[in-house]
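Step one of this worksheet: look at the structure below.
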Amino acid sequence: MSIGLINCQLLDDQRHMIRLNHDLDVARSIQTGLFPTTLPNHATVKAAALNDPGRRISGDYYDVIERADGRLWCLIADVTGEGVAAALQMANLQAAVRVSITEANDPAELLTRWNRFLCQNATHSRFITCLLALVDPRSHSVCFASAGHWAPLVAHGVGTPPRELESDAAFPLGVAEDTLFQSTTVELGPEPFVLFCYTDGVSEALDSAGQPFGRKRLLQALAERTDLNPSAMVKHVRKQVTGFVGPAEQSDDLTMLAVWVA
């Protein structure tokens, strides 16, 4: 009788695990639908991205939204934590982004609106770092603002090492409703460039000894792609991170967004 009860319990556990895995698969499929289905691929502007969840569901989010005037919004964000709760919080942000971004012109103003929305409607146990940039291919300028997120990197190809664009990073979204955000505009010159944005799953990827991949290795990986092909650049960085981490388990969601401007 005891063996029979144990077998029944094991069978129930197996059924529960199957249902859970199915629900996670459905959730990941729904979440994938929140990412842009296509990215710019024009003669003067191309983009590439990668989202690799630390678990089966990601707390990271990226988006690229083209405007009628030729400029494009580029966004990357990271919810504290992983899994279903982080994904639900990110869906909140994605809804706010799509409702408000089309008519706006100032990244800081948008971050202010999203921060107010999240403070009023989301749990305070999870915050979102976010980088929002408005790229102008005609003037070769980038206007961006950061809510506690890594500043974007810029690569120019042969002869000029990749660099980080300086900015003031305010609190993450959802921390304090009265947070002040600041936009920074950078002129990038006439030469082609790649704007590279990433989450901390890239720079803080840990090897088996607990050492992080780090910003220095990331800049080196970008420098090795002198052709400035955004898709190849994203794949190359992912390969370098994978080689560095080795057999260690992926410790966080990993997301990258690269935008090439001729």
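The values are calculated or read from the model by the stated rules, or taken from the named source; none is laboratory data. Just so you know, these numbers come straight off a predicted model, no measurement behind them. All Cβ positions, glycine included, derive from the backbone under ideal geometry; neighbour counts span all protein chains shown. All accessible areas refer to the heavy atoms of the entire protein, side chains included, with ligands and DNA or RNA removed. Shrake-Rupley method; radii C 1.70, N 1.55, O 1.52, S 1.80 Å.
Looking at ALA169, is it closer than 29 Å to PHE127 by Cβ and either modelled with pLDDT under 95 or over 18 Å from the mean Cα position of the chain (by Cα) (or both)?
Against the criterion (closer than 29 Å to PHE127 by Cβ and either modelled with pLDDT under 95 or over 18 Å from the mean Cα position of the chain (by Cα) (or both)), ALA169 qualifies.
State whether one or more residues within the stretch 179-192 are within 18 Å of PHE244 (Cβ to Cβ), polar (S, T, N, Q) and surrounded by 20 or more Cβ atoms within 10 Å (Cβ to Cβ).
There is no residue in the stretch 179-192 that is within 18 Å of PHE244 (Cβ to Cβ), polar (S, T, N, Q) and surrounded by 20 or more Cβ atoms within 10 Å (Cβ to Cβ).
I need the full set of residues from the stretch 135-162 which are assigned to a strand (DSSP E or B), open to solvent by 10 Å² or more (accessible area, probe 1.4 Å) and touching a strand residue (DSSP E or B) at 6+ places or on another chain (Cβ under 6 Å), in order please.
If the condition is that a residue be assigned to a strand (DSSP E or B), open to solvent by 10 Å² or more (accessible area, probe 1.4 Å) and touching a strand residue (DSSP E or B) at 6+ places or on another chain (Cβ under 6 Å), then SER141, CYS143, GLY148 are the ones that fit.
Is there any pair with a first residue in the stretch 145-167 that is at positive phi and a second that is open to solvent by less than 40 Å² (accessible area, probe 1.4 Å) whose Cβ atoms are under 6 Å apart and which are 6 or more apart or on different chains, and what are they?
That search, which allows pairs on different chains as well, returns GLY148/THR129; GLY148/PRO172; GLY157/LEU228.
Condition test on VAL237, is it in contact with a helix residue (DSSP H, G or I) (Cβ under 6 Å, 6 or more places away or on another chain), closer than 18 Å to PRO162 by Cβ and β-branched (Val, Ile, Thr)?
In short, yes.
Condition (residue is of a type in the set (Val, Ile, Thr) and closer than 30 Å to TRP260 by Cα) applied to the stretch 113-127: is it met by at least one residue?
Checked against the condition, which is being of a type in the set (Val, Ile, Thr) and closer than 30 Å to TRP260 by Cα, the stretch 113-127 yields no hits at all.
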